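The values are calculated or read from the model by the stated rules, or taken from the named source; none is laboratory data. Just so you know, these numbers come straight off a predicted model, no measurement behind them. Here Cβ is always computed from backbone atoms with ideal geometry, including for glycine, and neighbour counts include all displayed protein chains. Ligands, DNA and RNA are stripped out before the accessible areas are found, and what is left, the full protein with its side chains, is counted by its heavy atoms. Shrake-Rupley method; radii C 1.70, N 1.55, O 1.52, S 1.80 Å.
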Amino acid sequence: MDKMMEESMMGALENVIDPELGIDIVNLGLVYGVHLDEDGNAGVEMTLTSMGCPMGPQIVDQVKQALAELPEVQDTDVNIVWNPPWHKDMMTRYAKIALGVS
């Protein structure tokens, strides 16, 4: 997968907002990686802010919807991982400012 496609996928994922925090999953640092095979099968490796996140299924559905809007993507598999565990230092400067986190 080329860099431009990776950027397109990450850009699409910036439209997925964590409903509890009101910030997108990319700036929150929840997306660990994306890939796309030659058949249009996308993969997203990501985490959630906590293991018991009640919004997990909703966020996964939004990820699939966001990537489905890209013409190159035929199907999406979302792999939720817990290692490395998410922490506030993974957030971008934008997310930290928006949430008042230092």
Note, ³J(HN,Hα) from phi for the stretch 68-76, Karplus 6.51, -1.76, 1.60, rounded to Hz, x at Gly and Pro: 5, 6, 7, x, 6, 8, 9, 8, 9
Compute the distance from the alpha-carbon center of the stretch 72-95 to that of the stretch 16-57, in whole Å. 4
222 nm mean residue ellipticity, helices alone, for the chain (DSSP H n ≥ 4; -39,500 (n - 2.57); rounded to 500): -9000 deg cm²/dmol
Where Lys and Arg each count +1 and Asp and Glu each count -1, what net charge lies around ASP24 among other residues with Cβ under 9 Å from its Cβ? -2
Name the long-range amide H neighbours of GLY33: under 5 Å, sequence gap of 5 or more, or other chain; modelled H, no Pro or chain starts. GLU45
Per DSSP, the loop-located GluC sites (Glu not before Pro) within the stretch 1-72 having at most 16 other beta carbons within 10 Å are GLU14, GLU20, GLU38, GLU69, GLU72
I need the phi-derived Karplus couplings for the stretch 37-46: 6.51 cos²θ - 1.76 cosθ + 1.60, θ = phi - 60°, integer Hz, Gly and Pro marked x. 8, 5, 8, x, 8, 8, x, 10, 9, 8
Net charge of Cβ neighbours under 14 Å - reference VAL60; Lys, Arg +1; Asp, Glu -1: -4
What relative contact order, as a whole-number percentage, does the chain give when Cα pairs under 8 Å and 6 or more residues apart are counted? 30
Could you please state how large a percent of the accessible area of the stretch 24-69 is carbon and sulfur, counting protein chains only and using a 1.4 Å probe? 47
